[in-house]
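Everything below concerns the one structure shown next.
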Amino acid sequence: MKIVYWSGTGNTEKMAELISEGIKSTGKNAEAIFVSDVNIDLILQEEVLVLGCPSMGCEELEGAQFEPFIQEISTKISGKKLALFGSYGWGSGEWMDDFKQRMIGYGCVISEEPLIIQNEPDDNEDDCIDFGKRIALL
Ligand SMILES: Cc1cc2nc3c(=O)[nH]c(=O)nc-3n(C[C@H](O)[C@H](O)[C@H](O)COP(=O)(O)O)c2cc1C
């Protein structure tokens, strides 16, 4: 499974690594890939999309790399199972609600409720690992 993420200060990256660890603990392969390193054709072959981005801008996805990636795949992901995650700093996680609704609009199926964690995932490592274990079963 491939986990595609953007991270500025490492929090969402740490979540991606822990989710990868959880998937691997079930015996499946997992790879966390920074969004600018992604091979879009390979991602589109995946049955389950695992996508992570922190809250940036004002409750928005990161604009320079992650947002263009989502725009690029948006017309080609109808029917895909989806698991979303990301870190945020304050507020109620509005960016993730918007992200989820937007992906549903593209025809994705929310197979696992999004995982959001405030700041670094240090106190929530097990939540990330368990999220990965559940995704591995999708
Ligand atoms: C430019 C910028 C804008 C941000 N905007 C929000 C925001 O609107 N809402 C929020 O909850 N956190 C916001 N944050 C906080 C980040 O989401 C938070 O620091 C997060 O842990 C960063 O994840 P990362 O380490 O993966 O980059 C913002 C941070 C930056 C640098």
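Do the conditions hold for residue 26, that is, is it within 14 Å of the ligand (Cβ to nearest atom) and open to solvent by 30 Å² or more (accessible area, probe 1.4 Å)? The answer is no for residue 26. Could you check, for region 112-126, whether at least one of its residues is assigned to a helix (DSSP H, G or I) and in contact with a Pro (Cβ under 8 Å, 6 or more places away or on another chain)? No, every residue in region 112-126 fails to be assigned to a helix (DSSP H, G or I) and in contact with a Pro (Cβ under 8 Å, 6 or more places away or on another chain).
Count of region 24-45 residues, restricted to those that are part of a helix (DSSP H, G or I) and aliphatic (A, V, I, L, M), is 5.
Residues in region 123-135 that are open to solvent by 40 Å² or more (accessible area, probe 1.4 Å) and touching a residue at least 12 places away in the same chain (Cβ under 8 Å): 125, 127, 130, 133, 134. Within the span defined as region 92-102, one or more residues are at pLDDT below 95, farther than 18 Å from residue 33 by Cβ, within 15 Å of the ligand (Cβ to nearest atom) and out of contact with any helix residue (DSSP H, G or I) (no Cβ under 7 Å at 6 or more places or on another chain). Taken across region 6-13, residues that are crowded, with 21+ Cβ neighbours inside 10 Å, under 17 Å from residue 117 (Cα atoms) and more than 8 Å from the ligand (Cβ to nearest atom) do not occur at all. One residue stands out in region 79-96 among those that are open to solvent by 90 Å² or more (accessible area, probe 1.4 Å) and not hydrophobic (A, V, I, L, M, F, W, C): the one that is nearest to the chain's Cα centre (by Cα), namely 94.
The values are calculated or read from the model by the stated rules, or taken from the named source; none is laboratory data. Predicted model only: the values in this text are computed from it and were never measured. Here the Cβ is made from the backbone with ideal geometry for all residues, glycine too, and neighbour counts use every protein chain on show. For accessibility, only protein heavy atoms count, side chains too; no ligands or nucleic acids. Shrake-Rupley method; radii C 1.70, N 1.55, O 1.52, S 1.80 Å.
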